[in-house]
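Reading through the structure tokens given below for one structure.
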């Protein structure tokens, strides 16, 4: 904290002459106005707040006594420098990773997650294919147990790449129909000769390295709802999804 006091004396003389060149009885009259400006400056600790300086002005002339002098106080406010606050920068919001989808007829290279004699196994260099989807099918012959439901079938293929020597089990249960209300329907446990042939293995079939299995998987589905996708969850990680025509 620091402070200083300064007194500045300013003398302003104004010549007021009356009766220039007049008689001896009319001497020149001059009035002298003297302003004493007293400046008091007190600087506060520089904490960012404004500092006020007070200036006192005392006006006197030859006709006034010191006690009659009028004092005028004029406040002057000095504003300290301000540091601008930087605006926050926009932070990009990461977007969700898009899930790849495929169309009927597409083959997808994957690493399969299977079960073999030695437990869980990963099978790289494998491939999944959805060749076709038909609904309704097998309209003649036995119908689904659910009233008014119909049969639908998908032609699929699974090729096992680098499967372990003991092999892994393959099953149709990995292939599921998805509806727009998130309803999922798995394969029917019933099989009839009127269904599309040949059928895909129901289960308990052992696949060895390089084996491919292709066949039709049949589903019992409601007639007034159309599935939007076929999902296979046999792939390691995220299931593979094929969009179905409406």
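Observations on the structure shown:
- Which numbered condition residue 167 fails, given (1) under 19 Å from residue 109 (Cβ atoms); (2) surrounded by 14 or more Cβ atoms within 10 Å (Cβ to Cβ): (1)
- All of 227, 196 fail the test of being assigned by TED's automatic domain parsing to the domain that holds residue 126 and within 18 Å of residue 128 (Cβ to Cβ), apart from 227.
- Within the range 105-119, the set of residues being within 38 Å of the chain's Cα centre (by Cα) and either assigned to a strand (DSSP E or B) or in contact (Cβ under 8 Å) with a residue 60 or more places away in the chain (or both) comprises 106, 107, 108, 109, 110, 111, 112, 113, 114.
- Hits in the range 124-180 - residues which are in a loop (DSSP other than H, G, I, E, B), free of Cβ contacts under 8 Å to residues at least 60 places away in the same chain and under 19 Å from residue 216 (Cα atoms): 139, 140, 141, 142, 143, 160, 171
The values are calculated or read from the model by the stated rules, or taken from the named source; none is laboratory data. Quantities reported herein were computed from a predicted structural model and do not represent experimental measurements. For neighbour counting, all protein chains shown are included, and Cβ atoms are generated from backbone atoms with ideal geometry for every residue, glycine included.
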